[in-house]
Amino acid sequence: MSTDNRAVVIEDFLQKIRLINQRGVDREALEHIVTLLEDLAERRDLFNFEHFPAPVPGQGSTAFRYRLNDDGDTPTLYLNSLLPGKSTLAHNHETWAIISAVEGQEINYVYRRSDEGHEPGFTSLHLEREVIVQPGTSISFLGDDLHGIKVEGEQATLHFHLYGLPLESLNGRYGVDAQGRILNYNASQMAPSIKAY
């Protein structure tokens, strides 16, 4: 399958997402988008490790993020590959977000934030649930929802990440470290995307 065909499939998918996004995205809309993204994740002829390689263990990076479109401020699609052992701080997205798996598993820890009794710039997180994202099991978030991830086992992941806005534009995203300190997530944690368009 050619790169041109992949671009057409991505654009057809994003046209559907733009229509939903224009009406406003709530939890019900996220459920609809999840179904569309899971259908896209089944296209392993277009989205696989051959075309989107995983990082090589021991060669520096433990995560690759391929940006699949560049449409300014419209929904943005990425394909992420994480090595086993990779984890993140708990963080928000500042926009709606969905993760759907092509290959591999990632544990998502979903948190609730409580600032009560804390000095400014600090918070407490309370684990609400764990979701194992794997083929057929996705997770979705609104902008203020908080999660962290960890990849266990032997296999690298290959997961779609779809956001209402490009990650690179979200300067208000925050993460929470182990001491409860609130950090600017993009500035302190985010590596550049690999452009795949």
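The values are calculated or read from the model by the stated rules, or taken from the named source; none is laboratory data. The shown structure was predicted, so the numbers you read here are calculated from the model rather than taken from an experiment. Note that we place each Cβ from the backbone using ideal geometry, even for glycine, and neighbour counts take in every protein chain shown. Just the protein is used for accessible areas: all its heavy atoms, side chains included, with ligands, DNA and RNA removed. Shrake-Rupley method; radii C 1.70, N 1.55, O 1.52, S 1.80 Å.
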>> I'd like the residue in the stretch 165-197 that is aliphatic (A, V, I, L, M) and closer than 18 Å to His118 by Cβ and, out of all such residues, is surrounded by the most Cβ atoms within 10 Å (Cβ to Cβ).
In response: Val176
>> If I ask for residues that are among the small types (Gly, Ala, Ser) and either crowded, with 21+ Cβ neighbours inside 10 Å or free of Cβ contacts under 8 Å to residues at least 40 places away in the same chain (or both), which ones from the stretch 84-117 would you list?
In response: Ala90, Ala97, Ser100, Ala101, Gly104, Ser114, Gly117
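I'm checking my understanding of the structure. Among residues of the stretch 15-63 that are assigned to a helix (DSSP H, G or I), among the β-branched types (Val, Ile, Thr) and free of Cβ contacts under 8 Å to residues at least 24 places away in the same chain, which one is farthest from Ile139 (Cα to Cα)?
We begin by selecting, within the stretch 15-63, every residue assigned to a helix (DSSP H, G or I); these are 15-23, 27-41.
From what is left, the residues that are among the β-branched types (Val, Ile, Thr) are 17, 20, 33-35.
Retained after the next criterion (residues that are free of Cβ contacts under 8 Å to residues at least 24 places away in the same chain): 20, 35.
Values: Ile20: 18, Thr35: 11 Å.
Taking the candidates together, the pick is Ile20.
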> Identify, please: which residue in the stretch 66-83 is in a loop (DSSP other than H, G, I, E, B) and among the charged types (D, E, K, R) and is, among those, surrounded by the fewest Cβ atoms within 10 Å (Cβ to Cβ)?
Replying inline: Asp73
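Restricting the stretch 1-53 to residues that are among the β-branched types (Val, Ile, Thr) and over 17 Å from the mean Cα position of the chain (by Cα), which is modelled with the lowest pLDDT? It would help to see each step written out before you state the result.
Step one: list which residues in the stretch 1-53 are among the β-branched types (Val, Ile, Thr), which gives 3, 8-10, 17, 20, 25, 33-35.
So of that shortlist, the ones also over 17 Å from the mean Cα position of the chain (by Cα) come out as 3, 8-9, 20.
On the way: Thr3: 69, Val8: 95, Val9: 97, Ile20: 96.
Applying the filter and picking the extreme gives Thr3.
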> Within the stretch 146-160, how many residues are among the charged types (D, E, K, R) and open to solvent by less than 10 Å² (accessible area, probe 1.4 Å)?
Replying inline: 0
> Considering only the stretch 8-53, how many residues are more than 20 Å from Asp145 (Cβ to Cβ), β-branched (Val, Ile, Thr) and exposed (fewer than 13 other Cβ atoms within 10 Å of the Cβ)?
Replying inline: 1
